[in-house]
Each structure stands twice: as C-alpha cells, then as structure tokens.
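A.B. asks: Please see the structure below; I have some questions.
The values are calculated or read from the model by the stated rules, or taken from the named source; none is laboratory data. Just so we're clear, the structure is a prediction, and the values are computed from it rather than from any experiment. FYI the Cβ positions are ideal-geometry reconstructions off the backbone, even for glycines, and counts take in every protein chain you see. Surface areas here come from the heavy atoms of the whole protein model, side chains and all, with no ligands, DNA or RNA. Shrake-Rupley method; radii C 1.70, N 1.55, O 1.52, S 1.80 Å.
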Amino acid sequence: MIVVVGDAGLDVVARPASEVVHGGDTRAPVRLTGGGAGANTALWLRSCGVPTTLVARVGDDAGGRLIRSELESAGVDCAFTVDPEAATCCVVVLVDPDGQRSMLADRGANARFDPADLHTPVCVSALKAARHLHLSGYVLLDPASRPAGLAALAAAHDAGLSTSVDPQAAAHLTDPAGFLDDVRGVDLLLPNADELAALTGKPEPASARELLDVVGAVAVTAGANGASWVDGCGITTVPAPQGDCVDSTGAGDAFDAGLLAAWLRREPAADMLRAGVRAGAAAVRRVGPQPAPGERLT
C-alpha cells in the first residue's frame, strides 16, 4: 500500500478555440474535473491496482465533499482534514491547441496542511500499513505547508517506509539547495526535465548523477522524448509511446503512479520506465488529469 501526501482539488479546464482576447470574450470548451497532484497520483495508482491512501486537506464545502466522494468511489482511502475556514483547492487550467497546459492555482485548504493532520487515526493507521510514501513537491514548495511535508517524510522514515518526491513545479524551485536539503535521504526523486534543470542547471538526464549523493535514484521525464532512470549503476532511457496530446495536465502524476507501481514490484529499470510512460500517455489522451472511472492499467 502507498500513502500519497499532496493536494486534492477541482480543475476548471478551458481549451480556447483561438487566442485569448485581453479584455474581451473568447469561446472555449470548459470542463470541471477532479484535480490536485496528490489526488491525481492516488487515482492512477488505483488504476495500476495499488491500494492507496491520500492524505490531504479540503474545505468544508461542496467541492471537498465531491472530491472525497469521487476518490472513495474509485477505491482511494481518504485521510482528509476538513478545514473550517479555507475553501477547497481550485485550479484554472488553460490548454493550448498542442495540449500544453498553463495553470492558475489557488491551493486553498491545501496551503494550510499541518503536521497535526498526520496524526488523525486514519492517517496513523495508513502509515502503519504502508510500504511507501509519495510526497507531492507542491507541499514542500509552499512555505505554509512545508513543515507538514517535512513531517510526512520524517514519519515515513520512522515507520521504515521507502519514499519518493515529485518536485512538481520548476517555476517554484527558487531555492534548489533548500529543496534538496528537504528531500535528502529520499529513495526516489521524480523530476521532469525543467525541474531537473532548476535543480542542477542542466535538463539532460546525465545531470541527475549530481543528485545521487542526496537521493537514492532519479527518474526524469521528458514528455514526448520519453523518460530516464539514473542511479549508481548508470542511465536507462525508454521512448514515450506515440500519440496525440489532448491535455498534458497530470501526465507527470500518472507517470509517477505507473513507475511506483512497477518499482514496488521490483521490476527492472526499463520496465519501470515503460510502466510510467504508458500511464503518462494514457493521461494526455483525454481532457483532465485523472483516469476515467473503472480504467485499469494493469
């Protein structure tokens, strides 16, 4: 079982039919979907057949109740703290004709994630039963929730769990040395090429060797160019499946899930990467960052 610690929220996905007119109107198909990096990864893990508990904070509102209902109906256990003051996270996602997304994010209640949230009975029980803890980097990159992210990694260490972290957002990696201090001792770091460049100065997978004195291994995603595994034994790279990209939102979260499911099965590096890129490719074929109800990748 995997415990995922990260954001849960709602995504408002808009795909403008033309260039957005400043101060005017632009027609666009718009959809409301579930979102949040933590929730996305948790749902893709369930699609891979991995029992999963999501630790997050939501508002005492309709959005929070909807998110819990959809996650639980998909088989994800929810160790949620309900915030009496802050609203549930909401993200406006603008998707261009090539399927690339730009996000306007309000983390809402997730920004108030607190170390005490890890001591709820559901969370304590999940940590005792788990083999692995995966942390979304958004938790560490927001000063408000960073103490809780560090507490989650410490709790996993104390419980004897393996750990992974997705840096999540190159634009927010403004203190790479501080971030690397936060993730020191983590088993697996899961950056994309932009995040790797923010951490090392270079996007090429070979630069991840510089991080091996901080983490056990690094899995780097490069979109249509595939993914690479970097550890003390060398570098393994696989291509990405061919196909159209409708919406890139959540592709990295899906990759994380596919790779972690294979990693827990102790598969070879190439097979782990293939599992990750298959999941990522499944994510970009649809609008929204989460698997369809009942979708299975096993």
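A.B. asks: Could you work out the Kirkwood radius for segment 61-204, taking every pair of different alpha carbons, averaging 1/r and inverting it, reported in Å?
C.D. replies: About 16.7 Å, per the Kirkwood formula over Cα pairs.
A.B. asks: Could you work out the relative contact order of the chain? I mean the mean sequence separation of Cα pairs under 8 Å and 6+ apart, divided by the number of residues, in percent. Intermediate values should be presented prior to the final figure.
C.D. replies: Numbers: 709 pairs, mean separation 53.7, N = 298.
Reported relative contact order: 18 percent.
A.B. asks: Within the chain, which is the longest segment containing none of the GluC sites (Glu not before Pro) that sit in a DSSP loop and have at most 11 other Cβ atoms within 10 Å? Intermediate results must be reported in sequence, preceding the final value.
C.D. replies: Working: sites that count: GLU19, GLU85.
Within the chain, the longest run free of exposed GluC sites (Glu not before Pro) spans 86-298.
A.B. asks: What are the extents of the Cα atoms of segment 140-298 along their three principal axes, in Å, largest first?
C.D. replies: Answer, in whole Å and largest first: 38, 33, 31 Å.
A.B. asks: Taking the simple approach of a point 7 Å from Cα along Cα-to-Cβ for both ARG265 and GLN100, what is their distance in nm?
C.D. replies: Result for the modelled spin labels: 3.4 nm.
A.B. asks: Skip the ligands, DNA and RNA, and give the accessible area per residue of segment 171-298 with a 1.4 Å probe, whole Å². Intermediate values should be presented prior to the final figure.
C.D. replies: Values: 5630 Å² over 128 residues.
In whole numbers, segment 171-298 has 44 Å² accessible per residue.
A.B. asks: 7 Å from Cα along Cα→Cβ at both ARG31 and GLN242: what's the point-to-point distance in nm?
C.D. replies: 2.5 nm
A.B. asks: Pairs of Cα atoms under 8 Å, at least six residues apart: use those to get the relative contact order of segment 12-60, whole percent.
C.D. replies: Result for segment 12-60 is 27 percent.
A.B. asks: Roughly how far apart, in whole Å, are the Cα centres of segment 85-114 and segment 150-184?
C.D. replies: 21 Å
A.B. asks: Can you pull the semi-axes for segment 5-137, root of five times each eigenvalue of the Cα gyration tensor, sorted largest first, whole Å?
C.D. replies: 30, 16, 12
A.B. asks: Of all accessible surface on segment 13-162 at a 1.4 Å probe, what whole percent is carbon and sulfur?
C.D. replies: 54 percent
A.B. asks: For GLY35, enumerate residues with amide H under 5 Å from its amide H, sequence gap 5+ or separate chain, H modeled in the peptide plane.
C.D. replies: HN-HN under 5 Å from GLY35: GLY9, LEU10, ASP11.
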